[in-house]
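**Student:** Let me begin by handing over the structure; questions about it come next.
The values are calculated or read from the model by the stated rules, or taken from the named source; none is laboratory data. Note that the structure is a prediction, hence the values are computed from the model and not measured. Don't worry about glycine lacking a Cβ; one is built from the backbone with ideal geometry, like all the others, and counts go over all protein chains shown. Keep in mind that these areas ignore ligands, DNA and RNA; they rest on the heavy atoms of the full protein, side chains included. Shrake-Rupley method; radii C 1.70, N 1.55, O 1.52, S 1.80 Å.
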Amino acid sequence: MAIQKVGVVGCGLMGSGIAQVCAASGFATVVREVSGELLDKGLKSIDKNLNRLAEKGAITEAAKGEIRGRLKGTTVIEDLKNCDVIIEAIIEQLPAKRELFGALDAICPPTTIFASNTSSLTITEIATATKRPQRFVGLHFFNPVPVMKLVEVVRTIATDPAVYEEMLAFGAKLGKTPVRAHDGTGFIVNRLLVPYLLDAIRALEEGVGSIEDIDNSMKLGCGHPMGPLTLLDFVGLDTTYYISQIMFEEFKERRFAAPPLLKRMVLAGWNGRKAGRGFYDYADPQKPKAMKF
Ligand code: 3HC
């Protein structure tokens, strides 16, 4: 089956990035949000990204117009019914995802392939809300989606091998490097990344180093683009806390357990960059200042 039309559900941080990448890769793309207000916000962020790319000469004005022309926003789920692939990037809650896919299953032809961008939920458990678990995969993108080169393509024990190969090829058509992962909680990246991020918080709690010194160590000593505490602020402390709880529940291993400081920061609403405060204070976003605990 030649994939021509892609549906994206959710136009938040991840969904808008995914929709932008799909449209930029030549696919007719429909992105759906629950309200006109949220849809507007997501489409504006895509416009801002495309304008920035055009300003720095990475794309021409004509290409920008073509990409935008391939992208349609909607609040109506029925507008997704003739898509060849639908990628879900809504809130990380199992009941919401199961309900959405149940509804999509009822309106889409049996050929449509479903994909979830979940970072920690079990794909099998989402897929069983539909009558097509054999046409269901995980497509896990990374923030910021237009920049990060990876997509984890996740198969379950029920995924049809031909569908899986098609989704690996689709990931490559999006300009990403697809990696094969099976439906183990956290897939590959979060299996490795989450314990590392949690250990950075434990190192801070134990006084091994200051916030800046822990971050600089990994940036300058290991060539990471961001230190772990900066990355935690970037990903969101609430998001990391949520993922760690799911991973701990699955593996019952201390390395996935949330350190007390993370729990307290989330309780206080210090969720990182988006909240204006996490391990750093973002009062001046250009010059984040390390917090003193
Ligand atoms: N959207 C689109 N483009 C963006 C962007 C965004 N949100 N943020 C940055 N960019 C672009 C910039 O325009 C710039 O492009 P250019 O090189 O063509 O001019 C390029 O990215 C570099 O940006 P900056 O110069 O502003 O800043 P940096 O060099 O510090 O790069 C970064 C920013 C790409 C975010 C880099 O710091 C980085 O790679 N950080 C690590 C990000 C990471 O690890 N992400 C994965 C998180 S884990 C995850 O998502 C999984 C989930 O399940 C938890």
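**Student:** Report, by residue number, each residue of the range 246-293 that is of a type in the set (Phe, Trp, Tyr) and open to solvent by less than 90 Å² (accessible area, probe 1.4 Å).
**Tutor:** Residues satisfying the conditions are PHE248, PHE251, PHE256, TRP270, PHE279, TYR280, TYR282.
**Student:** In the range 208-245, what count of residues is obtained for those that are over 24 Å from VAL145 (Cα atoms), among the small types (Gly, Ala, Ser) and open to solvent by less than 40 Å² (accessible area, probe 1.4 Å)?
**Tutor:** 1
**Student:** Return the residues of the range 20-39 that are more than 24 Å from ASP84 (Cβ to Cβ) and either touching a residue at least 24 places away in the same chain (Cβ under 8 Å) or open to solvent by less than 40 Å² (accessible area, probe 1.4 Å) (or both); say none if nothing qualifies.
**Tutor:** Across the range 20-39, the qualifying residues are SER35, GLY36, LEU38.
Residues are listed down the side, and each one gets a yes or a no for (1) under 24 Å from the mean Cα position of the chain (by Cα); (2) among the aliphatic types (A, V, I, L, M); (3) away from the ligand (no atom under 13 Å from the Cβ); (4) closer than 20 Å to GLU92 by Cα:
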{"residue": "ILE188", "(1), (2), (3), (4)": "yes, yes, no, yes"}
{"residue": "ARG191", "(1), (2), (3), (4)": "yes, no, no, yes"}
{"residue": "ASN216", "(1), (2), (3), (4)": "no, no, yes, no"}
{"residue": "LEU232", "(1), (2), (3), (4)": "yes, yes, no, yes"}
{"residue": "THR239", "(1), (2), (3), (4)": "yes, no, no, yes"}
{"residue": "LYS263", "(1), (2), (3), (4)": "yes, no, yes, yes"}
{"residue": "GLY269", "(1), (2), (3), (4)": "yes, no, yes, yes"}
{"residue": "ARG273", "(1), (2), (3), (4)": "yes, no, no, yes"}
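**Student:** Restricting to the range 193-208, and then to whatever is without any contact (Cβ under 8 Å) to a residue 12 or more places away in the chain and under 19 Å from LEU237 (Cβ atoms), can you tell me which residue is nearest to the ligand (Cβ to nearest atom)?
**Tutor:** The selected residue is LEU193.
**Student:** Being in contact (Cβ under 8 Å) with a residue 60 or more places away in the chain and either in a helix (DSSP H, G or I) or within 16 Å of the ligand (Cβ to nearest atom) (or both) narrows it down to one residue among VAL145, VAL151; which is it?
**Tutor:** Just one listed residue meets the conditions, VAL145.
Every residue, every condition in (1) within 16 Å of the ligand (Cβ to nearest atom); (2) crowded, with 18+ Cβ neighbours inside 10 Å; (3) at pLDDT below 95, yes or no:
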site	(1), (2), (3)
MET1	no, no, yes
VAL9	no, yes, no
ILE18	yes, yes, no
LEU43	yes, yes, no
ALA62	no, no, no
GLY65	no, no, no
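**Student:** Filter the range 160-195 down to residues that are in a loop (DSSP other than H, G, I, E, B) and among the acidic types (Asp, Glu) and give me whichever is least open to solvent (accessible area, probe 1.4 Å).
**Tutor:** Applying the filter and picking the extreme gives ASP183.
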